[in-house]
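The values are calculated or read from the model by the stated rules, or taken from the named source; none is laboratory data. Being a predicted model, the structure only gives us computed values, none of them experimental. Note that we place each Cβ from the backbone using ideal geometry, even for glycine, and neighbour counts take in every protein chain shown.
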Ligand code: CTP
């Protein structure tokens with residue numbers, strides 16, 4: 001069994017595993033087209049152990065290799081490096097393990113990683129060969145189940161894209177959502193939990209900030225390009241505010257009359273999962289106006305671009321440019337939403353095939369699921 005473990009010095013890890021106030025936990029997955037379901041699993045796992053009284057919870061996130069995902073579900077849409085970059089930027093993740101095969105998580109593996117508990121959503125995966133991925137740790141009473149987030153998954157996102165693009169006429173072929181909810185539910189409490197810093201740190205207040213940095217955008221299907229811009233933008237001030245355009249605004253101004261793949265609230269929950277983001281404006285105005293800048297006490301506006309993207313911009317940024325508070329940043333990753341879209345188009349037939357198999361599994365989980373409380 002081979003994998004790469006990105007961790008602090010082993011001495012520190014050992015110290016943590018001996019400390020009765022610290023718990024080390026593992027949550028593994030494919031984390032392809034990383035979405036609110038993935039983020040919510042990481043968030044819940046961390047919170048659950050804090051609720052049990054631990055003072056420190058160390059989250060080790062495990063990520064399956066491209067090859068393992070291809071064999072189990074079909075080729076991933078994002079490469080190992082891209083999936084890892086997003087996971088690394090997630091505020092509930094402390095260490096990560098890459099290139100994991102899709103095999104049973106053994107007690108020996110949990111011990112090697114010095115994790116006391118292994119966590120997963122209540123959709124328990126079965127490996128090729130028929131054995132449960134978590135049977136061994138369940139037997140040892142070292143498994144913690146989490147509420148799987150309704151209305152979203154990699155499969156459901158692909159299904160939305162297939163339907164939006166009209167790649168399949170047939171529900172079955174497309175992996176149509178059937179009785180599944182069409183989006184993740186977003187309660188005020190869920191939004192608040194995502195906005196909160198991990199652990200027991202108090203949230204940063206915009207009113208206490210000396211320099212608010214504002215990054216407006218769509219942030220549909222979060223990718224390493226977004227991550228790179230947010231990481232750089234955070235260094236420009238002491239409060240990072242992301243402006244998210246509403247689904248209607250995106251449909252009118254971009255996307256040739258098509259809404260984004262993810263709803264405004266799904267996009268907001270994903271952006272709030274990034275470790276540098278302090279708050280979001282839900283339904284931000286398309287143009288950055290004087291009134292917006294004054295109301296939110298914004299000192300710096302960021303315009304992010306993928307490397308090689310065209311320099312022209314519309315009237316959107318006229319005001320911050322005139323005020324000389326516009327900073328243009330280039331992402332360190334070549335990926336952009338457009339490049340991701342082209343990648344999906346290039347393998348549309350394969351995606352339709354993958355999804356008819358995966359959606360069947362997902363609908364069977366949905367019809368059989370029971371209530372699991374969310375942490
Ligand atoms: N997860 C979740 N809620 C979702 C989707 C995933 O809690 N809506 C959890 C899973 O239970 C698992 C982790 O996220 O603990 C990683 O799951 P993964 O298999 O990568 O994600 P899916 O989106 O379910 O992928 P697919 O649709 O390809 O099966």
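Values for this structure:
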item	result
Given (1) more than 24 Å from the chain's Cα centre (by Cα); (2) surrounded by 11 or more Cβ atoms within 10 Å (Cβ to Cβ); (3) within 24 Å of residue 184 (Cα to Cα), number of the condition residue 341 does not satisfy	(1)
Search result, residues across region 289-320 that are in a helix (DSSP H, G or I) and out of contact with any strand residue (DSSP E or B) (no Cβ under 6 Å at 6 or more places or on another chain)	290, 291, 292, 293, 294, 295, 315, 316, 318, 319
Filtered residues of region 1-41 (kept if under 12 Å from residue 146 (Cβ atoms), surrounded by fewer than 24 Cβ atoms within 10 Å (Cβ to Cβ) and touching a strand residue (DSSP E or B) at 6+ places or on another chain (Cβ under 6 Å))	41
Verdict on residue 68 being within 13 Å of the ligand (Cβ to nearest atom) and either buried (at least 24 other Cβ atoms within 10 Å of the Cβ) or under 14 Å from the mean Cα position of the chain (by Cα) (or both)	no
Residue among 236, 221, 241 that alone is part of a loop (DSSP other than H, G, I, E, B) and more than 15 Å from residue 164 (Cα to Cα)	236
Residue list for region 335-361, filter: within 15 Å of the ligand (Cβ to nearest atom) and either outside any helix (DSSP H, G or I) or within 22 Å of residue 259 (Cβ to Cβ) (or both)	344, 347, 351, 352, 355, 359
All helices (runs of 4 or more DSSP H) inside region 21-120 with 3 or more residues being closer than 24 Å to residue 266 by Cα	36-51, 80-89
Options 163, 156; residue that is farther than 18 Å from residue 270 by Cα and either part of a helix (DSSP H, G or I) or touching a helix residue (DSSP H, G or I) at 6+ places or on another chain (Cβ under 8 Å) (or both)	163
Unmet requirement for residue 113, which otherwise passes all of (1) touching a helix residue (DSSP H, G or I) at 6+ places or on another chain (Cβ under 9 Å); (2) more than 9 Å from the ligand (Cβ to nearest atom); (3) under 27 Å from residue 190 (Cα atoms)	(3)
Residue check, residue 44 at pLDDT below 95, within 12 Å of the ligand (Cβ to nearest atom) and within 23 Å of residue 223 (Cα to Cα)	no
Qualifying positions in region 121-137 - buried (at least 17 other Cβ atoms within 10 Å of the Cβ) and in a helix (DSSP H, G or I)	136, 137
Residue within region 204-214 that is within 17 Å of residue 302 (Cβ to Cβ) and crowded, with 23+ Cβ neighbours inside 10 Å present	yes
All positions within region 287-320 that are over 22 Å from residue 246 (Cβ atoms) and surrounded by fewer than 16 Cβ atoms within 10 Å (Cβ to Cβ)	297, 307, 308, 309, 310, 311, 312
Matching residues, region 143-155, being more than 7 Å from the ligand (Cβ to nearest atom) and within 11 Å of residue 358 (Cβ to Cβ)	none
Residue match in region 188-201 (condition: buried (at least 20 other Cβ atoms within 10 Å of the Cβ), within 16 Å of the ligand (Cβ to nearest atom), more than 14 Å from residue 284 (Cβ to Cβ) and in contact (Cβ under 8 Å) with a residue 12 or more places away in the chain)	yes
Selection status of residue 217, under 22 Å from residue 33 (Cα atoms), modelled with pLDDT of 95 or more and surrounded by fewer than 22 Cβ atoms within 10 Å (Cβ to Cβ)	yes
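So that you can scan it fast, the table gives a plain yes or no per residue for (1) within 16 Å of the ligand (Cβ to nearest atom); (2) touching a residue at least 24 places away in the same chain (Cβ under 8 Å):
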{"site": "15", "(1), (2)": "no, no"}
{"site": "29", "(1), (2)": "yes, yes"}
{"site": "32", "(1), (2)": "yes, yes"}
{"site": "58", "(1), (2)": "no, yes"}
{"site": "64", "(1), (2)": "yes, yes"}
{"site": "73", "(1), (2)": "yes, yes"}
{"site": "83", "(1), (2)": "yes, yes"}
{"site": "87", "(1), (2)": "yes, yes"}
